[in-house]
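Step one of this worksheet: look at the structure below.
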Amino acid sequence: MPRSIIFLLLVLLTALPASAQDAVLHAGRLLAIPGESDLTEQTIVIKDGRIAAVVPGYVSAAQAGAPGAEVVDLRAHTVMPGFMDMHTHLTGERDPEANPHDWTTKMDGDLLLESLPFLERTLMAGFTTVRNTGANHEIILPLKRAVNAGLIPGPRIIAAAGGITPTGGHGERQGYREDILEAVNNSVGVCDGADDCRRAARALVKRGADWIKITATGGVLSNTNAGLGQQLMDDELEAIVQAAASMGRKVAAHAHQANGINAALRAGVASIEHGSYADDESVRLFQETGAYLVPTLFAGVYLQEEMPLNDNIPPPVVDKINEVIPNVKASFQRALAGGVNIAFGTDCGVCPHGQNAREFELMVDYGMPPIDAIRSATVMTARLLERSDDLGTVEAGKIADLVAVRGDPTADISLLRSVSFVMKDGKVYKSP
């Protein structure tokens, strides 16, 4: 084996945290079930990567039945379940200084290696699970497997291995010569008509998709003036949801304007991503179906911040940014007032990885109580993923995904930008 490869492997291996070991955490405050259980002076016992017990008081390792376990002092901290982000794009990140045509020169291996810091920054920010809602399957699936095998640090990845879009829709690359686009396209998700969209859903499951991501409407960042309204038709939406369900998958629908949101909800999608123009009918359909809104507030704010710094944003994209952003706050507040299920999601990749916690601040700024914002990234995300048996709360038997911050985030939500302790699968990745 070449020396350079050996050296790279050694660097990667030495950068990894130690294997999971028994641990005893002394929590000054514990949001065991955010929004329901707020405890003080608790001991959390970790064994074999899971929570063995939560007991009152500060108990020694021996008293906890874990002699030799590492004791972690978090008495000045608030301890919570690991956060979950339901809308990320881990294989890229917007950069106003970057050449917008870089993608024409890079190989999949370049993009995979560039993704490694994005995964690590996400985990170190306290996000132990993400649902990645769009990426080349040849990049995101190897990353998912490497994280699961413990080869690289990163969040647990629930992967949509590509996406479904109509011809010319938001999910297709736009703005280049057709022969160039055909040369780089490896999507199986472009479909037209109900039968073809059933094929697309099945093909994505075959590739390894955990969830099916669709673009029910136009999108802000597509380099086209095709608008933000419904693009997948009603029969196509219904066919996708039915085909996905028949193969044990749920559907997440990117949707901006109300006609596309409402059509996707009537078709039976599990979540609406963005929901920028949700109206009263949308709220009624959310309530009727139990679907979740994943609001991605941070993405819009970041794009507004980027615009003065980036002369390379195409005019159709600038127009759509200016059109959408003023509506997002009102839409979120309408959903909040209507009791819609809200699950935390940022669209990081559009916004910087590792800054996911800014979404908490925007949710609170727009009227959500801080404890409900925390609940949206723990209890509610676990429910959306149907992983409540393993994730989302700090209870005996659950996977040991835990985060902690110094101070009280329910009084100052901005503290969540400075997570000081991160444990995933019983491994400590960050400590005070």
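The values are calculated or read from the model by the stated rules, or taken from the named source; none is laboratory data. Remember, it's a predicted structure, so these values are computed and weren't measured experimentally. Neighbour counts are summed over all protein chains in view; Cβ atoms, including those assigned to glycine, are modelled from backbone coordinates with ideal geometry.
Need the failing condition index for V11 against (1) of a type outside the set (S, T, Y); (2) surrounded by 13 or more Cβ atoms within 10 Å (Cβ to Cβ); (3) modelled with pLDDT under 95, just the number.
(2)
Among the listed residues T378, T393, T410, which satisfies the condition of being over 19 Å from the mean Cα position of the chain (by Cα), of a type in the set (S, T, N, Q) and within 21 Å of H77 (Cα to Cα)?
Going through T378, T393, T410 in turn, the sole match is T410.
Go through D85, D110, D102, D95 for me and flag whichever is among the charged types (D, E, K, R) and touching a Lys or Arg at 6+ places or on another chain (Cβ under 9 Å). Explain how you work it out, then say what you get.
Numbers: D110 fails: touching a Lys or Arg at 6+ places or on another chain (Cβ under 9 Å); D102 fails: touching a Lys or Arg at 6+ places or on another chain (Cβ under 9 Å); D95 fails: touching a Lys or Arg at 6+ places or on another chain (Cβ under 9 Å).
That would be D85, the only listed residue that is among the charged types (D, E, K, R) and touching a Lys or Arg at 6+ places or on another chain (Cβ under 9 Å).
Select from segment 116-136 the residues that are closer than 20 Å to A357 by Cβ and part of a helix (DSSP H, G or I) and list them in ascending order.
P117, F118, L119, E120, R121, T122, L123, M124 - these are the residues of segment 116-136 that are closer than 20 Å to A357 by Cβ and part of a helix (DSSP H, G or I).
Give A20, A32, A66 a once-over and let me know the one that is within 26 Å of the chain's Cα centre (by Cα), modelled with pLDDT under 95 and not assigned by TED's automatic domain parsing to the domain that holds I139. Steps first, answer last, please.
On the way: A32 fails: modelled with pLDDT under 95; A66 fails: within 26 Å of the chain's Cα centre (by Cα).
Exactly one residue qualifies, and that residue is A20.
Exactly one condition in (1) among the aliphatic types (A, V, I, L, M); (2) touching a helix residue (DSSP H, G or I) at 6+ places or on another chain (Cβ under 7 Å); (3) crowded, with 23+ Cβ neighbours inside 10 Å is false for I140; which is it?
(2)
Restricting attention to segment 121-166, which residues are farther than 17 Å from V350 by Cα and charged (D, E, K, R)?
The answer is E138, K144, R145, R156.
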